[in-house]
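Input: a single structure, listed below in structure tokens.
The values are calculated or read from the model by the stated rules, or taken from the named source; none is laboratory data. These numbers were taken from a predicted model, which means no experiment stands behind them. Every residue, glycine among them, receives a Cβ derived from its backbone with ideal geometry; neighbour counts consider all protein chains shown.
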Amino acid sequence: MNLDFSRVWGSIPFILQGIPTTLQYTLLSVVFGFLLGVILSLCKISGIKPLDYFAQAYTSIFRGVPLILMLSLVYFGIPQLTGYNFSALEAGVITFSLNSAAYVSETIRAGILAVDRGQREAAMSLGVPYLLYMWDIILPQALKNILPALVNESINLLKDTALVSTLGAQDILRSAQIVGAEKYLYFEPLIIAGVIYYVLVITLTFGATALEKWMRRID
Amino acid sequence: MTGDRIIQVEDLNKSFGKLHVLKGITTNIHKGEVVAIIGPSGCGKSTFLRCLNLLEEPTGGRIYFNGKDISHIKEVAKIRQHIGMVFQQFNLFPHKTVLENITYAPIKIKKIDKNEAKEKGLVLLAKVGLQEKADVYPSRLSGGQKQRVAIARSLAMEPEVILFDEPTSALDPEMVKEVLDVMKSLISTGITMAIVTHEMNFAREVSDRIFFLDGGKLAEDATPENFFSQPQCDRAKQFLEKML
């Protein structure tokens with residue numbers, strides 16, 4: 001066994017430079033995935049059959065197909081059809097958002113259904129129309145209950161973004177691979193990348209715990 | 001006391017699947033009237049009340065509000081702005097402060113200026129004796145206080161009618177009075193009210209009319225004096241014997 005971390009010390013700043021890229025993919029995908037997930041979940045509980053079926057089919061497809069296949073379809077496949085070339089960022093954010101929306105929509109749906117029916121009736125009796133009370137009254141309460149599940153999803157997303165290294169985007173993983181290729185050392189830079197991912201995830205978890213505590217302050 | 005008809009109900013029917021809850025109710029409520037709706041449990045009194053603001057969609061018959069047929073209209077939300085409702089379980093918005101609960105609908109629906117809405121909200125809170133609770137979240141209030149806030153919230157939309165669905169049934173006995181007192185002070189302002197209640201003494205004292213529902217039908221429609229002293233149907237007699 002010949003481990004030699006000393007040879008990659010100098011490359012750590014280079015790997016760290018991948019963090020903003022990783023976070024950029026994650027953040028954009030979390031936001032778009034969430035918004036799309038809200039829309040899908042509203043389709044699922046709308047009681048309007050075509051919307052419901054569409055949302056169900058959508059969820060089923062994204063659950064049933066590997067993420068890397070979806071990513072390749074968007075990045076390599078769609079240009080073949082349309083002639084438009086996505087950047088790695090566009091392809092990554094589109095794929096991750098669409099994928100995340102499928103999972104999040106189920107979580108949000110359950111969260112909305114768990115909010116007391118009286119809340120809806122109180123808003124309705126004040127003359128508040130559907131979308132407005134959903135957004136102002138029901139969703140905030142649903143979100144509070146599903147926050148842990150949403151944090152889980154964000155953590156998955158953060159880790160999934162490592163897939164964009166296959167498109168050449170210089171995220172944390174790709175940076176580590178570049179260092180590896182340069183120095184003919186793979187174990188050490190990959191371990192460093194792993195530690196960085198781990199620290200990011202742990203930070204996210206702590207942040208979420210604090211946020212949850214803050215949201216429960218009024219219970 | 002009685003002015004124009006504000007609500008007219010014609011042959012109102014409501015079924016939940018095979019369960020036929022309301023079986024052809026025809027009546028009306030006049031402006032400024034206080035109607036107490038009473039009857040044994042399961043008689044359909046809450047369903048009847050909830051049909052009036054279309055929280056339950058009638059399966060038959062018609063409901064008119066200010067002369068307009070609202071039974072199947074699309075703009076239900078617009079109509080509901082004029083018909084307040086107070087629930088047994090209060091249903092305050094837990095993520096909003098007391099004052100935000102009250103000002104939410106006026107600001108968002110009536111597009112009233114925020115500061116003006118706040119001022120009006122504070123006046124309403126003072127009316128129900130809770131001005132000092134403006135910035136508190138509902139979870140910090142007692143049941144009676146919650147219901148008083150719910151009444152203020154409903155008043156903030158300046159409705160023409162307020163429907164009360166067993167407003168004191170979820171309260172500890174010592175809190176019932178504070179809510180009934182607030183309701184009494186409301187009655188003195190001349191607002192139209194329909195109250196589903198088990199508080200017989202209250203119904204007798206404050207109402208102009210009693211609706212006695214039994215088995216989904218309006219079994220009696222009488223003044224409280226007549227109803228409580230000489231109920232017409234046997235079912236009402238039995239009911240009163242148990243209640244009083």
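Of the residues making up segment B:175-203, those that are surrounded by fewer than 17 Cβ atoms within 10 Å (Cβ to Cβ) and within 17 Å of B:L240 (Cβ to Cβ) are B:H198, B:N201. Only residues that are more than 10 Å from chain B (Cβ to nearest Cβ) and small (G, A, S) were counted in segment A:113-150, giving 3.
A quick yes/no check of all residues on (1) in the same structural domain as A:F86 (by TED's automatic domain parsing); (2) surrounded by 17 or more Cβ atoms within 10 Å (Cβ to Cβ):
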{"position": "A:L147", "(1), (2)": "yes, yes"}
{"position": "A:N152", "(1), (2)": "yes, no"}
{"position": "A:I155", "(1), (2)": "yes, yes"}
{"position": "A:S175", "(1), (2)": "no, yes"}
{"position": "A:E182", "(1), (2)": "no, no"}
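Pick from B:N91, B:N101: which is closer than 21 Å to A:W135 by Cα, in a loop (DSSP other than H, G, I, E, B) and either more than 9 Å from chain A (Cβ to nearest Cβ) or at pLDDT 95 or above (or both)? Result of the check over B:N91, B:N101: B:N91.
Name the strands (runs of 3 or more DSSP E) wholly within segment B:4-62 that hold at least 3 residues that are among the polar types (S, T, N, Q)? The strands (runs of 3 or more DSSP E) meeting that bar are B:5-16, B:19-30. You will find that of B:V86, B:V21, B:V9, B:V98, the residue that is within 30 Å of B:L141 (Cα to Cα) and in contact with a strand residue (DSSP E or B) (Cβ under 6 Å, 6 or more places away or on another chain) is B:V86 and no other. Apart from one condition, A:D171 fits all of (1) under 20 Å from B:H95 (Cβ atoms); (2) acidic (D, E); (3) touching a residue at least 24 places away in the same chain (Cβ under 8 Å); the exception is (1). Whether a residue is buried (at least 19 other Cβ atoms within 10 Å of the Cβ), small (G, A, S) and within 17 Å of the chain's Cα centre (by Cα) was assessed, and A:S165 passes this test.
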